[in-house]
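Working notes, structure below.
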Amino acid sequence: MSSLQQIVSCIDGYDPDALPVETARAAIRALIVPVSANERVAVRASLGRVLGEDIVSTVNVPAHDNSAMDGWAVRASDLRSDGETVLREVGVAYAGRKFEGGVKPGECVRVMTGAVMPPGTDAVVIQEVVRAEGDRIVVPAGQQAGQNRRLAGEDLAVGRVVLRAGRLLRPAELGLMASLGLAEVAVRRKLRVAFFSTGDELASVGTPLKEGEVYDSNRYTLYGMLARLGVELIDMGVVRDDPAALERAFNEAAASADAIVSSGGVSVGEADFTRELLVRLGEVLFWKIAMRPGRPMAFGRIDGAWFFGLPGNPVAVMVTFYGFVRDALLALAGRTDDYSLPLLRVPSATALRKKPGRTEFQRGILERGANAEWTVRITGSQGSGVLRSMSEANCFIVLEHERSDVKAGDLVSVQVFDGLA
Ligand code: AMP
Ligand code: MG
């Protein structure tokens, strides 16, 4: 028994011929070992990358107590609680140009938003409530010590772990790193992913279609899905259903990539020679997953590369990619934050047929109805070869393993295709 097989066979409910989606995910999670190599890049170039080190704040952000509003900085202890207080303005503090000097009892300083709080002051009275008559400043009752003042380190305090290694760097994190004065940051190296299509019936775009051929569309959807994950791509084209050609392709891919994604060639009948080949080249598990579309799938290791053998049907490729490959590649890339796709609960606009005992990924359109409530309906034909169903959809309707038929108005789980990246 291969070592992969030993590990996955310990997983509860592991049956390669009827594998629930969640169990297949658990098996992949149990096996993947993330990359750990880092490279240093400029902060802007780190957008979309995985942070490679903990970022600890070496400074306070903000560095000084400062005013949150335009107004007058005052000593709160000067202020009367039962009526107006008259103070004397002794200077002005701007953002980036502080007030030099002290503020004695009975005095105040004109301050702009972001200005360092003048020494001795502890509150800012907003300009809208103040009456200024020359340097005579009249402050109404009802002010609180500490009001409209931002404290040093209130955003990020010295010594605090601001960002943990393994998280995705988004626009907010770029700004956060810049606010600490960082110019460069360590990120995990990019994954290299090789991908190819298999099938004697496949024609490449730009060539005329012969009888019985179909254009190779999977390599385009795979390209799009992989490119969005930010990996380096190695496009290996179309490989014929020929053991020698496949062996060459697998060896070449394994020598240069962290992961290999192929489409086609794993369905019953075809799997026989692929299986014989892959068992010889590496450790590969062949699964029949309890799902629709996308039942057959191969997963394993060929030399140093993880291998995902996806089904050939164009919708099944996308469903299995989003269901398994996406998470596996994010884990491999070193992500440790929660990258699972959110499932929303939305009423189904129509009845849906569903057999218990498999997870279905129906293609749906999430839309706002007349009463402004969100509902979901399926796109037309749900055949696993009908790629139009993916193009028309903006979400998957995920019908869980045990679920049976859905009535109109029942809540269903929805996974939106495009999220805030
Ligand atoms: P397979 O899994 O190889 O048996 O393929 C299942 C179905 O998907 C067949 O109808 C294939 O013609 C189709 N198919 C396989 N690969 C591709 C591809 N790269 N592009 C478009 N259709 C494909
Ligand atoms: Mg095929």
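The values are calculated or read from the model by the stated rules, or taken from the named source; none is laboratory data. Bear in mind the structure is a predicted one, so any value in this text is a computation, not a measurement. Positions of Cβ are generated from backbone atoms using ideal geometry, with glycine treated the same way; all protein chains shown enter the neighbour counts. Side chains included, ligands, DNA and RNA excluded: accessible areas come from the protein's heavy atoms. Shrake-Rupley method; radii C 1.70, N 1.55, O 1.52, S 1.80 Å.
State, in angstrom, two size descriptors of segment 1-144 derived from its alpha carbons: Rg to one decimal place and Dmax to the nearest whole number.
30.3, 90
Under unit Cβ charges (Lys, Arg +1; Asp, Glu -1), what dipole magnitude, rounded to 20 debye, does the chain have relative to its Cα centre?
For the chain, the charge dipole is close to 380 debye.
Using a cut-off of 12 Å between beta-carbons, work out the net charge of the residues near LEU87 (Lys and Arg +1, Asp and Glu -1, LEU87 not included).
Counting the neighbours of LEU87, the net charge comes to +1.
How much length would be gained if the chain were fully extended between LYS190 and ARG160, taking 0.36 nm per residue of separation minus their Cα-Cα distance, in nm to one decimal? Don't skip to the answer; put the middle values down first.
Details: separation 30, 0.36 × 30 = 10.80 nm, distance 2.77 nm.
That pair, LYS190 and ARG160, stretches by 8.0 nm at full extension.
How high is the FRET efficiency from GLU252 to GLU211, r the C-beta distance, R0 51 Å, rounded to 0.05? Please list the in-between numbers first.
Values: r = 31 Å, r/R0 = 0.60.
So the FRET efficiency works out to roughly 0.95.
Picking from PRO243, VAL231, ALA253, whose Cα lies most toward the positive end of the charge dipole for segment 219-267 (charges on Cβ: Lys, Arg +1; Asp, Glu -1)?
The one lying farthest along the dipole's positive direction is VAL231.
Report, ordered by chain and residue number, the lysines lying within cross-link reach of LYS355, taken as a straight Cα distance under 27 Å and ignoring same-chain residues fewer than 8 apart.
Cross-link targets: LYS288, LYS407.
Which of the lysines could be linked to LYS98 by a straight reach, that is with a Cα gap under 23 Å, when you skip same-chain ones fewer than 8 residues away?
LYS98 reaches no qualifying lysines.
So for the chain: antiparallel DSSP bridges make up what percent, rounded to the nearest 5?
Details: 58 of 85 bridges.
Of those bridges, close to 70 percent are antiparallel.
What FRET efficiency would be calculated for the residue pair HIS64, GLU22, taking the C-beta separation as r and a Förster radius of 45 Å, to the nearest 0.05?
That pair, HIS64 with GLU22, gives E of 0.30.
Once both labels are modelled 7 Å past Cα along the beta-carbon direction, what's the ARG44-VAL56 spacing in nm?
3.0
Mean separation of Cα pairs under 8 Å and 6+ residues apart, divided by the residue count of the chain: what relative contact order is that in percent?
Here the relative contact order equals 16 percent.
Pop a pseudo-label 7 angstrom from the Cα along the beta-carbon direction at both LEU343 and ASP15 and give the gap in nm to one decimal.
2.1
Calculate the spin-label point distance for HIS401 paired with ASP241, positioning each point 7 Å from the Cα along the beta-carbon direction, and give it in nanometres.
Simple spin-label model gives 3.2 nm for this pair.
Would you mind giving the average projected area, over all directions, of the Cα convex hull of segment 20-63 in nm² with one decimal?
For the Cα atoms of segment 20-63, the hull's average projected area reads 5.6 nm².
Counting only protein heavy atoms and a 1.4 Å probe, tell me what percentage of the chain's accessible area is made up of carbon and sulfur.
The value for the chain is 51 percent carbon and sulfur by accessible area.
Give the peptides 393-399, 79-85 in descending order of average Cβ contacts within 10 Å, highest first.
393-399, 79-85
Using only the alpha-carbon atoms, how far is helix 271-281 inclined from the longest principal axis of the chain? Give it as 0 to 90 degrees, nearest 10.
Helix 271-281 sits roughly 70 degrees off the main axis of the chain.
Please work out how much length the chain gains when fully extended from GLU89 to ALA178, using 0.36 nm per residue of separation minus the C-alpha to C-alpha distance, in nm with one decimal.
28.5 nm
Against the empirical 2.2 N^0.38 Å scaling, what ratio does the C-alpha Rg of the chain come to?
1.39
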